[in-house]
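Everything on this sheet refers to the single structure shown next.
The values are calculated or read from the model by the stated rules, or taken from the named source; none is laboratory data. Worth saying up front: this structure is predicted, and the values here are computed from it rather than measured. Here the Cβ positions follow ideal geometry from the backbone for every residue, glycine too, while neighbour counts run over all protein chains shown.
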Amino acid sequence: MEHITGSQFTNRFVSLILGARNLPKKRLDRHILFISSILGLVPSRTYSENEINNELQKWSVPFGDNFGLDHVTLRRYLVDEKYIKRDLSGKLYELGTSELSYTYDQSIKELDLKELINEGMKEKELRKQQYAKGSGE
């Protein structure tokens, strides 16, 4: 089982959201996206299908469009990768707690993903401006 550090997560998440247009081919990058999508879920809570869809939309609306990930497709990936478990009837969901491909620093749960992206966009714009100044001289 591989482990994702807070800094590794932050750097890759921002890069993926700001630069990608398809679901990443690299396994680690896909799992960083999957982990980012479950951060708001409560570990011991059981969710109805409607509730889990609503929770996953909170991620898919601001971040999923870059990757073609609506909440239904995301939910399927999360079930396949064991980040969430579905009961046999397919109506109840909960966070997966074992058999995960990756573990991650608990500090990641405290991150404000939208703020990370805003900061990343500011840094990207600043680099563009610095490059333009350097090229114009």
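Contact map, the range 116-137: residues that are in a helix (DSSP H, G or I) and of a type outside the set (Phe, Trp, Tyr) paired with residues that are surrounded by 13 or more Cβ atoms within 10 Å (Cβ to Cβ) and at pLDDT below 85, Cβ distance under 7 Å, separation 6+ or inter-chain. No pairs are found.
Among residues belonging to the range 33-49 that are small (Gly, Ala, Ser) and surrounded by 14 or more Cβ atoms within 10 Å (Cβ to Cβ), point out the one that is farthest from Leu88 (Cα to Cα). Filtering first and then ranking leaves Ser36.
In the range 1-15, the residues that are under 12 Å from Ser107 (Cβ atoms) form Cβ pairs under 8 Å with partners that are surrounded by 15 or more Cβ atoms within 10 Å (Cβ to Cβ) and of a type in the set (Gly, Ala, Ser), at six or more places apart or across chains, as follows: Phe9/Ser36. Does Val14 fit the bill of being closer than 29 Å to Glu125 by Cβ and out of contact with any Cys (no Cβ under 8 Å at 6 or more places or on another chain)? When the stated conditions are applied, Val14 passes them. Quick check: anything in the range 61-83 outside any helix (DSSP H, G or I) and in contact with an Asp or Glu (Cβ under 9 Å, 6 or more places away or on another chain)? Yes, that holds for at least one residue. Residues that are under 23 Å from Asn118 (Cβ atoms), modelled with pLDDT of 95 or more and not in a loop (DSSP other than H, G, I, E, B) do not occur anywhere in the range 40-53. Among the residues of the range 92-108, those identified as in contact (Cβ under 8 Å) with a residue 24 or more places away in the chain, surrounded by 13 or more Cβ atoms within 10 Å (Cβ to Cβ) and not hydrophobic (A, V, I, L, M, F, W, C) are Tyr93, Glu94, Ser101, Tyr102, Tyr104, Asp105. Report yes if Tyr77 is under 14 Å from the mean Cα position of the chain (by Cα), farther than 18 Å from Glu55 by Cα and surrounded by 12 or more Cβ atoms within 10 Å (Cβ to Cβ), otherwise no. Here the answer is no, as Tyr77 does not meet what is asked. Which of the following residues is within 18 Å of Tyr104 (Cα to Cα), without any contact (Cβ under 8 Å) to a residue 60 or more places away in the chain, among the acidic types (Asp, Glu) and surrounded by fewer than 19 Cβ atoms within 10 Å (Cβ to Cβ): Asp29, Asp65? Just one listed residue meets the conditions, Asp29. Taking every residue in the range 70-90 that is more than 14 Å from Leu56 (Cα to Cα) and in contact (Cβ under 8 Å) with a residue 24 or more places away in the chain and pairing it with any residue that is small (Gly, Ala, Ser) and in a loop (DSSP other than H, G, I, E, B), at least 6 positions away or on another chain, the pairs with Cβ-Cβ distances below 9 Å are Glu81/Gly96; Glu81/Ser101.
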